[in-house]
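Okay, handing you the structure first.
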């Protein structure tokens, strides 16, 4: 998205989750002058996005909101996806470890049950 040679203050301490969860995707149609075919669109209302995070909108020469910076929204979404994927992988490792523990415990209980029944027969 940007070369490091022209960027400053690069940080991984980005916390966009609250902003992303507040965004409300909508379906809409552009006015006939912009899209005579009336193709359905899917996106965000720039004025609503501005209320959530003013850095995610583009302004015209007069300073009026005119568009959403989808490139930024996409980067935020990717960041959140990667965090969730990492958490999912960690949870899968925990589940695998728990399954191994349960299997070992079941085996131990079965062995103890057999030993108890053999002791009862001998006694």
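Read the figures in this text as sums done on the coordinates, not as results from a lab. As the structure is a computational prediction, the values presented were derived from the model and not from experiment. All Cβ positions, even for glycine, are placed from backbone atoms using ideal geometry, and neighbour counts span all protein chains on display.
What is the number of the single condition among (1) within 15 Å of the chain's Cα centre (by Cα); (2) farther than 25 Å from residue 27 by Cα that residue 95 does not meet?
(1)
Can I ask one more? Do we have any residue at all in the range 63-74 that's in contact (Cβ under 8 Å) with a residue 40 or more places away in the chain and within 15 Å of the chain's Cα centre (by Cα)? Steps first, please.
First, the residues of the range 63-74 that are in contact (Cβ under 8 Å) with a residue 40 or more places away in the chain: 71, 73.
Cutting the leftovers down to within 15 Å of the chain's Cα centre (by Cα) gives us 73.
Scanning the range 63-74, I find at least one residue that is in contact (Cβ under 8 Å) with a residue 40 or more places away in the chain and within 15 Å of the chain's Cα centre (by Cα), so the answer is yes.
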